[in-house]
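J.: Dropping a structure here in structure tokens format, bear with me for questions.
The values are calculated or read from the model by the stated rules, or taken from the named source; none is laboratory data. All values derive from a computational prediction rather than experimental measurement. Glycine gets a Cβ as well: all are built from the backbone with ideal geometry, and neighbour counts include every protein chain shown.
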Amino acid sequence: MLDLSKIEAGQLRIEPRPFDLAPLLANLDSLMGQAARSKGLALGIEVPAVSPGLLIGDRLRLEQVLFNLTGNAIKFTEAGEVVLRVLARETGEGALRLRFEVHDSGIGITPEALSRLFAPFTQADAGIGRRFGGTGLGLSICKRLVELMGGEIGAESRVGEGSVFWFELPFQRGALGETEAPAARPPKPSSGPRLVGAHLLVVDDSAMNRDLVERALALEGATATLAADGQQAVQLLKTRPEGFDAVLMDVQMPVMDGLTAARLIRGELGLLDLPVIAFTAGVRDEQQALARASGANDVLAKPMDLEQMAELLVKWIKPRAAAEFKSEFA
């Protein structure tokens, strides 16, 4: 309601800044993936083969639209999958247009309802509000935000066959040397990699998050072994108790959550000196206290900030020399 009132009053401003699309999509995959799996659904994210690189745009408002459309798709889908596809098209020197499509195998929408779907307080069926909840404001806000960002939005659907909600936005490419928040943090204390020779166990049920963290660690000179849940992590540590310099542990995962895994690492495995960093969207004091009580040395908040991650790991890891690393894991 507040966003809509600001838009109607002309008080909501779009704030273009440099940002990287990959962490945004990884955060979406991690958080919305949990909601999908809780309903027995699969969530897929398909990105362009070539990364669009640094973009100039309003990251917060783009994320708001993506979370709303993906959340709706999950809410109205009882079985099957939800897929976000991102398509890129060059539109000129230093400019491109991204198309985001959210496909679902849900209940579908009648042609009559499609024509009024983006109007305030409108839902496809009067019974939907009673069955699924919601005010019908989300799509209206998405439409206004997309238009404020210079784009367009639409939907295609057939009753009983699912829906596709899409929007397109123009972006400028960011220049080399630009950062997502230039004044938000001081420059790196050193110009080279800070984790050379380190080997980490990265535990996250989001494949995109695992891939993103692995690539970020590689830039800092570290390598990673990947696990999709706490059970896999505990098994790896049983077989290689001295094999890792630290564990990056997602908290909410299927099979075995991160807090249970951390307790087993400290208790059953007896690895009291191994740094365990809880990786979680829960940022309240009690949530962080719970993570530490389970055995985590520190907490890294989602959405992912790659620079913050590197700075935190430097506090807990004493990287070994590259030669020592190679001889141990060769």
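J.: Sort out which residues of the stretch 245-295 are charged (D, E, K, R) and touching a residue at least 60 places away in the same chain (Cβ under 8 Å), and write them in order of number.
T.: Within the stretch 245-295, 245, 250 qualify.
J.: So, one more: Residues 79, 119, 113: which one is surrounded by fewer than 17 Cβ atoms within 10 Å (Cβ to Cβ), modelled with pLDDT of 85 or more and outside any strand (DSSP E or B)?
T.: Result of the check over 79, 119, 113: 79.
J.: Something else about it: Could you say which residue among 37, 59 is basic (Lys, Arg) and modelled with pLDDT under 90?
T.: Within the list 37, 59, the selection yields 37.
J.: While we're here: Scanning the stretch 189-207 for residues that are surrounded by fewer than 20 Cβ atoms within 10 Å (Cβ to Cβ) and either in contact with an Asp or Glu (Cβ under 7 Å, 6 or more places away or on another chain) or within 25 Å of residue 270 (Cβ to Cβ) (or both), which turns out modelled with the highest pLDDT?
T.: 194
J.: Right, something else. Any residue at all in the stretch 54-64 that is of a type in the set (A, V, I, L, M, F, W, C) and assigned to a helix (DSSP H, G or I)?
T.: yes
J.: Read through the list (1) over 19 Å from residue 206 (Cα atoms); (2) in contact (Cβ under 8 Å) with a residue 40 or more places away in the chain, then give the number of the only condition that residue 50 fails.
T.: Unmet for residue 50, out of (1) over 19 Å from residue 206 (Cα atoms); (2) in contact (Cβ under 8 Å) with a residue 40 or more places away in the chain: (2).
J.: Now a separate question. Inspect the stretch 251-261 for any residue being modelled with pLDDT of 90 or more, more than 21 Å from residue 212 (Cα to Cα), more than 21 Å from the chain's Cα centre (by Cα) and not aromatic (Phe, Trp, Tyr) and give the result as yes or no.
T.: Taking every residue of the stretch 251-261 in turn, at least one turns out to be modelled with pLDDT of 90 or more, more than 21 Å from residue 212 (Cα to Cα), more than 21 Å from the chain's Cα centre (by Cα) and not aromatic (Phe, Trp, Tyr).
J.: When you go through 163, 157, 140 one by one, which is the residue that is at pLDDT below 90, outside any loop (DSSP other than H, G, I, E, B) and surrounded by 13 or more Cβ atoms within 10 Å (Cβ to Cβ)?
T.: Values: 163 fails: at pLDDT below 90; 157 fails: at pLDDT below 90.
Exactly one of 163, 157, 140 is at pLDDT below 90, outside any loop (DSSP other than H, G, I, E, B) and surrounded by 13 or more Cβ atoms within 10 Å (Cβ to Cβ), namely 140.
J.: Given (1) out of contact with any Leu (no Cβ under 9 Å at 6 or more places or on another chain); (2) at positive phi, where does residue 53 come up short, assuming only one miss?
T.: All conditions pass for residue 53, except number (1).
J.: To continue, here is another question. I'd like to check which strands (runs of 3 or more DSSP E) are fully inside the stretch 219-293 and have at least 1 residues that are more than 16 Å from residue 200 (Cβ to Cβ) and touching a Leu at 6+ places or on another chain (Cβ under 9 Å).
T.: Details: elements: 223-227, 246-250, 276-280.
The strands (runs of 3 or more DSSP E) meeting that bar are 276-280.
J.: Can you tell me how many residues in the stretch 225-245 are of a type in the set (S, T, N, Q) and either surrounded by fewer than 18 Cβ atoms within 10 Å (Cβ to Cβ) or in contact with a helix residue (DSSP H, G or I) (Cβ under 6 Å, 6 or more places away or on another chain) (or both)?
T.: Number of matching residues: 2.
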